[in-house]
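Worksheet: one structure, shown below.
The values are calculated or read from the model by the stated rules, or taken from the named source; none is laboratory data. Here the structure is a predicted model, which is why all the values come from computation and not from measurement. Here the Cβ is made from the backbone with ideal geometry for all residues, glycine too, and neighbour counts use every protein chain on show.
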């Protein structure tokens with residue numbers, strides 16, 4: 001990995017030099033656009049509206065237009081901003097980890113200690129683990145002020161940027177304002193369905209099926225060209241019923257529980273009852289002869 005940023009993590013008078021690395025990467029197959037008729041590559045160019053010339057990226061500045069006037073901001077102008085010049089990741093507070101709304105989590109970065117001794121780094125990591133707290137930090141990266149959560153992942157400190165409060169939309173759906181009555185039996189069946197799907201989360205057990213199928217399609221087209229029959233490559237799959245609104249919720253819950261248990265090899269209550277050995281009926285005593 002290559003560091004994308006270097007600076008210092010600071011809390012109080014403690015200074016922890018760190019290097020920042022992107023913690024994630026995109027595994028999608030890279031595709032580009034071509035002209036359908038001849039396969040020619042489609043490319044985008046930066047063309048000036050005034051002279052119609054292609055402009056090199058190095059000659060492009062940014063600008064703000066308020067409708068009447070335009071203000072051009074050069075790279076030097078932007079670099080002069082105090083926040084842009086700062087190389088500090090400042091801890092502003094430590095909060096209970098459960099208070100971090102998962103909806104606000106954005107990009108993740110690894111922090112590597114960048115000093116002869118990692119003692120301060122390890123001290124902060126162990127403190128976060130012991131107190132079960134997450135540090136809220138501020139820093140500037142790529143011409144943006146960022147708010148982030150600093151937490152522990154294994155032996156590494158992870159910086160996960162947070163969306164600002166005004167970047168999270170409010171969920172206002174009139175349908176949820178209507179009163180809904182849920183019966184105890186429905187809750188019981190729903191909980192039973194959850195239990196039948198319960199497991200420990202193992203990310204390695206899940207794969208991106210679309211990307212796998214896309215790679216299979218590309219390999220097949222490389223081998224057979226446009227004569228490829230996709231039905232031979234993937235087989236004929238029956239289209240799944242998209243379904244509609246569930247009218248009988250109880251029936252749907254019961255059927256879902258039964259199907260889930262059967263798929264996981266567990267006997268349903270009904271099948272278990274059927275398979276249970278039947279008790280022998282007691283033999284009637286013979287009547288004594290008079």
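A few notes on this one:
- Verdict on residue 133 being surrounded by 14 or more Cβ atoms within 10 Å (Cβ to Cβ) and touching a helix residue (DSSP H, G or I) at 6+ places or on another chain (Cβ under 9 Å): yes
- When region 136-150 is filtered for residues that are at pLDDT 95 or above and in contact with a helix residue (DSSP H, G or I) (Cβ under 8 Å, 6 or more places away or on another chain), only 150 remains.
- For residue 75: the one exception among (1) loosely packed, with under 10 Cβ neighbours inside 10 Å; (2) within 28 Å of residue 160 (Cα to Cα); (3) not assigned by TED's automatic domain parsing to the domain that holds residue 146: (1)
- Breaking point among (1) in a strand (DSSP E or B); (2) under 35 Å from the mean Cα position of the chain (by Cα), for residue 45: (1)
- If only residues of region 106-123 that are part of a helix (DSSP H, G or I) and in contact with a strand residue (DSSP E or B) (Cβ under 6 Å, 6 or more places away or on another chain) are counted, the one that is surrounded by the fewest Cβ atoms within 10 Å (Cβ to Cβ) is 120.
- In region 84-105, the residues that are surrounded by 12 or more Cβ atoms within 10 Å (Cβ to Cβ) and not in a loop (DSSP other than H, G, I, E, B): 84, 88, 89, 90, 91, 94, 95, 97, 104, 105
- Meets criteria (in the same structural domain as residue 93 (by TED's automatic domain parsing), within 21 Å of residue 11 (Cβ to Cβ), within 19 Å of the chain's Cα centre (by Cα) and free of Cβ contacts under 8 Å to residues at least 24 places away in the same chain) for residue 159: no
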